[in-house]
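Here's the structure we're looking at; comments come further down.
The values are calculated or read from the model by the stated rules, or taken from the named source; none is laboratory data. Fair warning: this is a prediction, and the values are worked out from it, not measured in the lab. Every residue, glycine among them, receives a Cβ derived from its backbone with ideal geometry; neighbour counts consider all protein chains shown. What goes into the accessible areas is simple: the full protein's heavy atoms, side chains included, and nothing from ligands, DNA or RNA. Shrake-Rupley method; radii C 1.70, N 1.55, O 1.52, S 1.80 Å.
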Amino acid sequence: MANASAVARVRFDADTEAALARISGAGVPDRVMIAALEGFGLRKVEIPTGSAPRQMHEMSGAEVRHRWLAALANEGFRQLDAGVARRPSDVDHLLVAGHGFPRWQGARCIRQTGAG
């Protein structure tokens with residue numbers, strides 16, 4: 001299970017980076033994304049650098065969090081479908097213990113099937 005956990009972590013990292021890059025590429029200012037994710041409880045938020053957007057686009061912190069959580073939930077369900085994780089609680093544990101997901105948020109994105 002240790003190897004599966006490492007694979008799962010890499011996939012969550014990649015999905016998080018891709019989701020934030022899409023939001024950034026849409027022109028959402030880094031300060032908005034950082035504030036939204038830090039407000040959620042993440043530490044050391046790093047926004048991937050990409051091509052500069054043509055036009056800045058305002059997006060609420062709630063929308064940034066929703067899109068980020070949806071990306072995490074989608075990856076969690078892919079891992080369940082692929083058999084990398086056996087139960088949603090496995091994915092929840094990975095997010096909290098290995099991915100820096102705020103413990104007090106309880107990885108609820110996986111428990112709320114409507115999030116993805």
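Tabulated data for the structure shown
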{"quantity": "Answer residue from the stretch 74-106, given it is on the phi > 0 side of the Ramachandran plot and open to solvent by 40 Å² or more (accessible area, probe 1.4 Å) and is farthest from the chain's Cα centre (by Cα) among those", "calculated": "G83"}
{"quantity": "Out of A36, A26, sole residue that is at pLDDT 85 or above, more than 21 Å from H93 (Cβ to Cβ) and open to solvent by less than 50 Å² (accessible area, probe 1.4 Å)", "calculated": "A36"}
{"quantity": "Matching option when the condition is at pLDDT 80 or above, charged (D, E, K, R) and part of a loop (DSSP other than H, G, I, E, B), among R86, R54", "calculated": "R86"}
